[in-house]
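Undergrad: Can you keep this structure in mind? I'll have questions shortly.
The values are calculated or read from the model by the stated rules, or taken from the named source; none is laboratory data. Just so it is clear, the structure is predicted and the values come from calculations on it, not from any experiment. Here the Cβ positions follow ideal geometry from the backbone for every residue, glycine too, while neighbour counts run over all protein chains shown. The accessibility values were calculated without ligands, DNA or RNA, using every heavy atom of the protein model including side chains. Shrake-Rupley method; radii C 1.70, N 1.55, O 1.52, S 1.80 Å.
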Amino acid sequence: LVAIYLLVDVGSVAGGWGSSRLIRRGFSLSASRKLAMLACAIVVMPVAFSMSASTVWGAVALIGLACAGHQGFSANLFALPSDVFPRWAVGSVVGLGGLSGALGGMAMSKYASWVLETLHHDYTPIFIFASVAYLLALLVVHLIVPRYAPARLPE
């Protein structure tokens, strides 16, 4: 568990550092955040092989890597509202995002329990879904916010 938490710490810092580094190199805010999120989504993908790891430490490494990718992805995702929305709207947008995340978590919990009951405790489909979920989330982010531009909201 400690190994996974250490990888989570590294992922969080690396995710924020990566997008900041791209911004300093002249990339747009949109490209920087989305490229950092893409890198994090790719880092999560090997978690699909967790169930076939030959050792416990191999599984820990794959799950820890996925957790690191998750944390880097979320670091950039949480920066999105302050990049796009005026200061007075950021709290509401983050709150709506939190609500969406909680609803998604409830749905995932139902899916996981259904998979485990149906497939007699086989976690493979859950890990496969987790391995592509971040790419799907990035696609949704890109469809909703194709380019970062400050939102124009009535005051």
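Undergrad: Within region 116-132, can you find the residues that are buried (at least 17 other Cβ atoms within 10 Å of the Cβ) and free of Cβ contacts under 8 Å to residues at least 60 places away in the same chain?
TA: Pro125, Ile126
Undergrad: A further question follows. Please enumerate the residues belonging to region 136-150 that are among the hydrophobic types (A, V, I, L, M, F, W, C) and open to solvent by less than 60 Å² (accessible area, probe 1.4 Å).
TA: Ala137, Leu138, Val141, Val145, Ala149
Undergrad: Something else about it: Looking only at residues that are in contact with a Cys (Cβ under 6 Å, 6 or more places away or on another chain) and either surrounded by fewer than 19 Cβ atoms within 10 Å (Cβ to Cβ) or of a type outside the set (A, V, I, L, M, F, W, C) (or both) in region 39-84, which one is farthest from Arg152 (Cα to Cα)?
TA: Only one residue tops the list, namely Gly69.
Undergrad: Within region 54-87, which residues are out of contact with any helix residue (DSSP H, G or I) (no Cβ under 9 Å at 6 or more places or on another chain) and touching a residue at least 24 places away in the same chain (Cβ under 8 Å)?
TA: Pro86
Undergrad: Right, something else. Of all the helices (runs of 4 or more DSSP H) wholly in region 36-155, which have at least 1 residues that are in contact with an Asp or Glu (Cβ under 9 Å, 6 or more places away or on another chain)?
TA: In region 36-155, the matching helices (runs of 4 or more DSSP H) lie at 56-84, 87-118.
Undergrad: Checking the conditions here, which among Met51, Met106 is modelled with pLDDT under 95 and more than 22 Å from Leu143 (Cα to Cα)?
TA: Met51
Yes/no matrix, rows are residues, columns are (1) aliphatic (A, V, I, L, M); (2) at pLDDT below 95:
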| position | (1), (2) |
| --- | --- |
| Ala3 | yes, yes |
| Arg25 | no, no |
| Ala75 | yes, yes |
| Leu80 | yes, yes |
| Asp83 | no, yes |
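Undergrad: How many of the residues in region 14-28 are surrounded by 15 or more Cβ atoms within 10 Å (Cβ to Cβ) and either touching a residue at least 60 places away in the same chain (Cβ under 8 Å) or under 12 Å from Ser74 (Cα atoms) (or both)?
TA: 4
Undergrad: From (1) open to solvent by less than 50 Å² (accessible area, probe 1.4 Å); (2) in contact with a Phe, Trp or Tyr (Cβ under 9 Å, 6 or more places away or on another chain), pick out the condition that doesn't hold for Ala89.
TA: (2)
Undergrad: Could you identify the single residue in Ala3, Ala31 that is in contact with a Leu (Cβ under 9 Å, 6 or more places away or on another chain) and open to solvent by less than 90 Å² (accessible area, probe 1.4 Å)?
TA: Going through Ala3, Ala31 in turn, the sole match is Ala31.
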